[in-house]
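Comments concern the structure below.
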Amino acid sequence: MCGIAGIRRFDGLAVDGETLSRMAATLRHRGPDAMGVWLDGPVGMAHTRLSIIDLQGSRQPMASVDGRRHLVFNGEILNYRELRAKLSYPFQTHGDTEVLLAVYEKYGLAGVDSLRGQFAYALYDGSTGEIHLFRDRLGILPLYYYADRHFFAFASEIKALLPVIQAPEIDGDSLNDYLAQRAVPAPYTLVEGVRKLPPGHHLVVTPDGGIRVSAYWELATCSSRRKVTTTEAVELVEQSLRTSVRESLVADVPVGVYLSGGVDSSLLTAMARQEIPDGPLHTFGAS
């Protein structure tokens, strides 16, 4: 878990570094290992890091080799090694962050389709002046934004946007939704003007202040059917579970498992132990 934040101004003013640093400071609990800020006139990005992969490298905000693109990323790309092996890119690090830059370099916006994992990231393309925000398919990791005629801002948490909102107010309709349903449906939030990027969506901000949101992934409306025996069905489920567990164990730090006391977490723990029979496997539970 890391924290990301950023500002894109439309009024010709430069991003205030102190404001951006205050936004990042509210996210320090998400990334206690390092904090970085990048500024370039009307654009600025900040990142607080929890180091999991490539502990000594992969500092963020990260620039592409040619310096034209900058990225802040929260999450983990589980298939980054597989993607990296297929890319011809002068990598300077050993983590998954730079793989996102390399994927964009080769595939453009369509590169998000090749990613497996949980992620929320923002990429500034200096050649177009656009900022692109992406959120993973199931919305595992959060991403919020706020915009008016002067600027656009994004962050991993709503409170990180408060330094740029002069007078935050409660969104009355969203409050009614929360009191009635105990939830606020996307893209709305309890703070007026603050929106959350829906799962599986891409948002682009243009230099003139235009904002477009579109889905890059949706659940299939019709599921395909496959006839299998009971034994084959069990084997397919087990294969999918083992693949998921194996990919989730990719880390340069010890991995832990949350125990709920149920069959599911016990099964995942058993599979994780089979994947790393000799290494440490910490388990945690709450009662």
Requested in this report: For residues that are within 23 Å of residue 248 (Cα to Cα) and open to solvent by 50 Å² or more (accessible area, probe 1.4 Å), scanning just segment 103-154, find the one that is nearest to the chain's Cα centre (by Cα).
Outcome: 118
Report summary line: Expected output for segment 1-29 (first residue under 15 Å from residue 158 (Cβ atoms), partner open to solvent by 10 Å² or more (accessible area, probe 1.4 Å), Cβ below 6 Å, 6+ apart or cross-chain) is 3/30; 22/163; 23/163; 24/35; 26/159
Report task. Select from segment 253-268 the residues that are open to solvent by 80 Å² or more (accessible area, probe 1.4 Å) and either part of a helix (DSSP H, G or I) or farther than 16 Å from residue 284 by Cβ (or both) and list them in ascending order. Result -> 263, 264
Report summary line: Per the list (1) at pLDDT 90 or above; (2) acidic (Asp, Glu); (3) open to solvent by less than 70 Å² (accessible area, probe 1.4 Å), residue check on residue 232 breaks on (3)
**Report entry** Residue list for segment 116-154, restricted to those being part of a strand (DSSP E or B), over 16 Å from residue 42 (Cβ atoms) and among the charged types (D, E, K, R)
**Finding:** 135
Query raised in the report: Restricted to segment 58-94, and to residues that are over 22 Å from residue 153 (Cβ atoms), touching a residue at least 24 places away in the same chain (Cβ under 8 Å) and basic (Lys, Arg), which residue is surrounded by the most Cβ atoms within 10 Å (Cβ to Cβ)?
Result: 59
Query raised in the report: Across segment 155-166, what is the number of residues that are polar (S, T, N, Q) and either buried (at least 18 other Cβ atoms within 10 Å of the Cβ) or assigned to a helix (DSSP H, G or I) (or both)?
Result: 1
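The values are calculated or read from the model by the stated rules, or taken from the named source; none is laboratory data. Because the structure is predicted, anything quoted here is derived from the model rather than measured. A quick note on method: Cβ atoms are made from the backbone with ideal geometry, for glycine too, and the neighbour counts reach across all protein chains shown. Each accessible area value is taken on the protein alone, full model and side chains, heavy atoms only, with ligands, DNA and RNA left out. Shrake-Rupley method; radii C 1.70, N 1.55, O 1.52, S 1.80 Å.
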